[in-house]
4 protein chains.
Amino acid sequence: MSEPSPAEFRSLVEGIFGDIPFVREIGLRLHEFDLESQTLSAAFDLRPQLIGNHFQNILHGGVIATALDSVGGLTAMVAAYHRMGGAIDWQEKVQRLTRLGTVDMRVDYLKPGRGQHFVCSGSILRVGNKLVVTRMELHNDSEELISTGTATFLY
Amino acid sequence: MSEPSPAEFRSLVEGIFGDIPFVREIGLRLHEFDLESQTLSAAFDLRPQLIGNHFQNILHGGVIATALDSVGGLTAMVAAYHRMGGAIDWQEKVQRLTRLGTVDMRVDYLKPGRGQHFVCSGSILRVGNKLVVTRMELHNDSEELISTGTATFLY
Amino acid sequence: MSEPSPAEFRSLVEGIFGDIPFVREIGLRLHEFDLESQTLSAAFDLRPQLIGNHFQNILHGGVIATALDSVGGLTAMVAAYHRMGGAIDWQEKVQRLTRLGTVDMRVDYLKPGRGQHFVCSGSILRVGNKLVVTRMELHNDSEELISTGTATFLY
Amino acid sequence: MSEPSPAEFRSLVEGIFGDIPFVREIGLRLHEFDLESQTLSAAFDLRPQLIGNHFQNILHGGVIATALDSVGGLTAMVAAYHRMGGAIDWQEKVQRLTRLGTVDMRVDYLKPGRGQHFVCSGSILRVGNKLVVTRMELHNDSEELISTGTATFLY
């Protein structure tokens, strides 16, 4: 199997993301995916089972953490893929990417998770040959910044 | 309404916890709840929708973060309740507890979340008149420490 | 004593910052301080006693953490001051600001702390009536991002 | 050069620690070092230049972060050394240890840093073949827990 084209790589990543059971459970789906600018985001909608406080009708902190972790991991995966470059065999690259895991994460809950629709975006702080550090943000449909996070991934 | 007995307080807390939609979604239920020793834990079982990596059959990091956040919040709620003492009216205490929210959390993913059954426990690092800081641990059914976390709560 | 003018407030803050013994020990001094844009930064120079690894001649992680914590605290102080507004007496405001303390902080060490001159800047993520959350960045004289951090302050 | 004896290893580590300029600046010195139980701690005394708030006469948060980072790094170094075992050449082991660096750290400031004498201890949460995660605690001379932290190290 030869190195994929950018379009093939995109559908590969989309496939990996869409196949994660708990990502489906939350209803997270790939939203933006621009390899050039390394802009990545995923979106999801409010549903009753995602509520953490039904007096206030706001998202559970665990839903927010799940979105940040998932988008951070996806962002890290793309960055690690590019970092490995052409020196490593394509099969070995995919192998390393499937082993990519979160080492630690900080989440800051800045505002109550109110809204009907949420977008979570990721960006890169550091890419090494073993570690990737990403920053994530979650906005609601009023463009309010609900939460930010920083995570470290090993691959 | 007068101050509840310890048994009434326990069922109140159990009720609040069991009514959180996303806590039910994960399948988290109160496990230990000893007010004397301030020992608190919640348990849940592996189910297909909680998987993060189906090649490895391990929990999604977001499930782990949800368990840590929920148990941390519960532990903080009990600590804040005791800290408020008798000087504040019972109704006002409950009001303040329902507003308790996570400010920030760090999660460390120490081992892959493998197992059929998981227990998450919480303990107190700091209780002030506004903030509570808790530490959480998640073990699997082989007594392996899967994850630890630290969280700050405002009430 | 009446509410200070912006210029008086600036020299008050500058005085508080410059009087902190450990800030002087590190050699941190106020660099930018624009109340309009809430842009705040402090600068310091490499000196032999700030080294953490003398094989590599790089800053100790504790020096970086000190810079991030100090600049975060200063940024939080200015934000809290504005948040309190005119409703609270000036004396009481100053009292509350002198009690402002760091609750927790995450530091990410992105690149080795190499350079002769460093600038640390702060920005606001959340300002409430009890808590402020700030984000900090440390750059060297080659404009490299050495470190980022997020901290929660109580006032 | 052959593999060192436990006593030689101890004085090697003691030497590395004592030679770090900023560790000397803070006045941190090795306190306990028991390789069997992996118990490690360092101690330091209050001095005027370590003060962060001279109204309250308490340690600067950066001093606390420096102690936690330094003791965490030392604990990680010892754990990494044992983890590498006999399969790797002694020279290469030392090479890898000198490159060990902090990836990220969370510090929780639980109580004001009051006291004349402080002890900071470290313990291991995870040791892999690339990463070590440690937990640190700082106590004062009244046995109060002033601060805790968690840090990730790469070697």
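Karplus-based coupling profile of region A:125-134, in residue order and whole Hz: 9, 7, 10, x, 8, 9, 10, 10, 10, 10, with θ = phi - 60° in 6.51 cos²θ - 1.76 cosθ + 1.60 and x standing for Gly or Pro. What is the distance in Å between the Cα centroid of region A:35-90 and that of region B:45-67? For region A:35-90 versus region B:45-67, the Cα centre distance is 15 Å. Proximity of backbone amide H atoms, modeled 1.01 Å from N, is registered between D:Gly52 and D:Ile58, D:Leu59, D:His60 at under 5 Å, excluding neighbours fewer than 5 places apart on the same chain. If each residue of separation counts as 0.36 nm, what is the full-extension length gain between C:Leu35 and C:Arg83 once their alpha-carbon separation is subtracted? This chain segment gains 16.0 nm when fully extended. Rg over Rh for region A:37-93 works out to 1.22, both radii taken from alpha-carbon positions and Rh defined as the Kirkwood radius. Amide H contacts of D:Asp104 (H built 1.01 Å from N, in plane; Pro and chain starts excluded): C:Tyr109, D:Thr152 sit under 5 Å, all sequence-distant by 5 or more or on other chains.
Backbone phi angles across region B:103-111, fed through the Karplus curve with coefficients 6.51, -1.76 and 1.60 (θ = phi - 60°), yield HN-Hα couplings of 8, 7, 8, 10, 10, 10, 9, 8, 9 Hz in residue order; Gly and Pro are listed as x.
Take D:Pro6, push a point 7 Å out from Cα through the beta-carbon direction, and compare it with the same point in every other copy: 4.5, 6.0, 6.6 nm, smallest first.
Can you compute the helix-only [θ] at 222 nm over chain B? Use -39500 (n - 2.57) per DSSP H run of at least 4 residues, normalise by all residues, nearest 500 deg cm²/dmol. Write out the running numbers ahead of the final one.
Working: 4 runs with 52 residues, N = 155.
Only helices count here, giving -10500 deg cm²/dmol.
Couplings for region C:59-76, taken from phi via the Karplus curve 6.51 cos²θ - 1.76 cosθ + 1.60 with θ = phi - 60°, read 4, 5, x, x, 5, 5, 4, 5, 5, 5, 5, 5, 6, x, x, 5, 5, 5 Hz in order; Gly and Pro are left as x.
How much length is gained on full extension from D:Glu3 to D:Glu143, taking 0.36 nm per residue of separation minus their Cα-Cα distance?
On the way: separation 140, 0.36 × 140 = 50.40 nm, distance 3.82 nm.
Stretched out fully, the D:Glu3 to D:Glu143 stretch lengthens by 46.6 nm.
Contact residues in region C:106-155 (at least 40 Å² less accessible area with all protein chains than alone, 1.4 Å probe): C:Arg106, C:Asp108, C:Tyr109, C:Leu110, C:Leu125, C:Arg126, C:Lys130, C:Leu131, C:Arg135, C:Thr150, C:Leu154.
Shortest first, A:Phe55 label-point distances to identical copies amount to 3.4, 4.6, 5.7 nm, with the label point at 7 Å from Cα along Cα→Cβ.
Taking a straight Cα-Cα cut-off under 25 Å and skipping sequence neighbours fewer than 8 places away in the same chain, the lysines within cross-link reach of D:Lys130 are A:Lys93, A:Lys130, B:Lys111, C:Lys111, D:Lys93. A compact globular protein would have a Cα radius of gyration near 2.2 N^0.38 Å; the ratio found for chain C is 1.05.
Each copy carries D:Arg96; placing its label point 7 Å along the C-beta direction from Cα gives inter-copy distances of 1.7, 5.1, 5.3 nm, listed from smallest up.
The values are calculated or read from the model by the stated rules, or taken from the named source; none is laboratory data. Note that the coordinates shown come from a computational prediction; the quantities given were computed from them, not determined experimentally. Note: ideal-geometry Cβ built from the backbone for every residue, glycine included; neighbour counts use all protein chains shown. Keep in mind that these areas ignore ligands, DNA and RNA; they rest on the heavy atoms of the full protein, side chains included. Shrake-Rupley method; radii C 1.70, N 1.55, O 1.52, S 1.80 Å.
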